[in-house]
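For reference, the structure is listed below as structure tokens.
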Amino acid sequence: MNSRTQTITISGPVGQIQLSIDLPESLKQNPHTELRGLALIAHPHPLLGGTMDNKVVQTLARTFNQLDYVCVRPNFRGVGLSEGVHDEGRGELDDLICISDWMRTPGAWTQSLPNANEQLWITQVNQLPLVLAGFSFGSYVGTHLVQKLAELGRPVERFVMVGSAAGKWELAERVPTDTIVIHGENDETIPLSAVFDWTRPQELTVHVVPGADHFFHRKLHCIRNIILSNWLGFPRTSS
């Protein structure tokens, strides 16, 4: 993705999980930069070609890097170097819980990143807020992760759903009221009407991108702009 991206594997419930870690440019300039937090980004359906390198997923990572978040993009089971087989969201949820625990463990980062001793933020990861973002199938698993982490007393700071899987998979009944929902006007995979049906009872705002299809071809910048315009305090620094 960029010169600040590193790919590693970590131990998961059924074997190795492949992750890409994207560091903000601000850390390259100053390893003592105070980060906003961590961002975990889930990719679309693995049986339909979804991977951590999907363009929407990479757009989300770039956007959160710009906001001074360290981003983690895992490959779901059976994709790339991630072991196991597709489990229709159940095992994938277990893996994301495992990854979120790993992300909040200073020793995990120390063992995985070069020059970790120069990175002040690593000593504080157990205190940094966690943002969750998911695209399509990733948004489906994400709704259940948000719910599970809240039950565990570790609620996410914010949740971003792109190309929501409403009506295709059984999403959690509710998500936080400040969830950012982004959908394409011409999404041929998840009809906009299905998204409205799911968000209406929760009174969630849906950000509709005119002319966008499910994969936001030529509209990726719209995802970035919506997130930045909805992020409190942006920009926080001059970098």
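Observations
- Subset tally (residues that are open to solvent by 20 Å² or more (accessible area, probe 1.4 Å) and either closer than 18 Å to L40 by Cβ or without any contact (Cβ under 8 Å) to a residue 60 or more places away in the chain (or both)) for the range 115-127: 5
- Residue match in the range 210-221 (condition: charged (D, E, K, R) and over 30 Å from P24 (Cβ atoms)): no
- Residue within the range 37-50 that is in contact with a helix residue (DSSP H, G or I) (Cβ under 8 Å, 6 or more places away or on another chain), without any contact (Cβ under 8 Å) to a residue 60 or more places away in the chain and part of a strand (DSSP E or B) present: no
- Only residues that are of a type in the set (G, A, S) and open to solvent by 20 Å² or more (accessible area, probe 1.4 Å) were counted in the range 77-103, giving 3.
Results for (1) at pLDDT below 95; (2) among the hydrophobic types (A, V, I, L, M, F, W, C), shown as yes or no for each residue.
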site	(1), (2)
K168	yes, no
E173	yes, no
D178	no, no
I182	no, yes
L192	no, yes
D213	no, no
N225	no, no
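- Checked against (1) buried (at least 21 other Cβ atoms within 10 Å of the Cβ); (2) touching a helix residue (DSSP H, G or I) at 6+ places or on another chain (Cβ under 7 Å), P106 passes all but a single condition, namely (1).
The values are calculated or read from the model by the stated rules, or taken from the named source; none is laboratory data. Keep in mind that this is a model prediction, so the values were computed, not measured. Glycine also receives a Cβ, built like all others from the backbone with ideal geometry; neighbour counts cover every protein chain displayed. Only protein heavy atoms, including side chains, enter the accessible area calculation; ligands, DNA and RNA are left aside. Shrake-Rupley method; radii C 1.70, N 1.55, O 1.52, S 1.80 Å.
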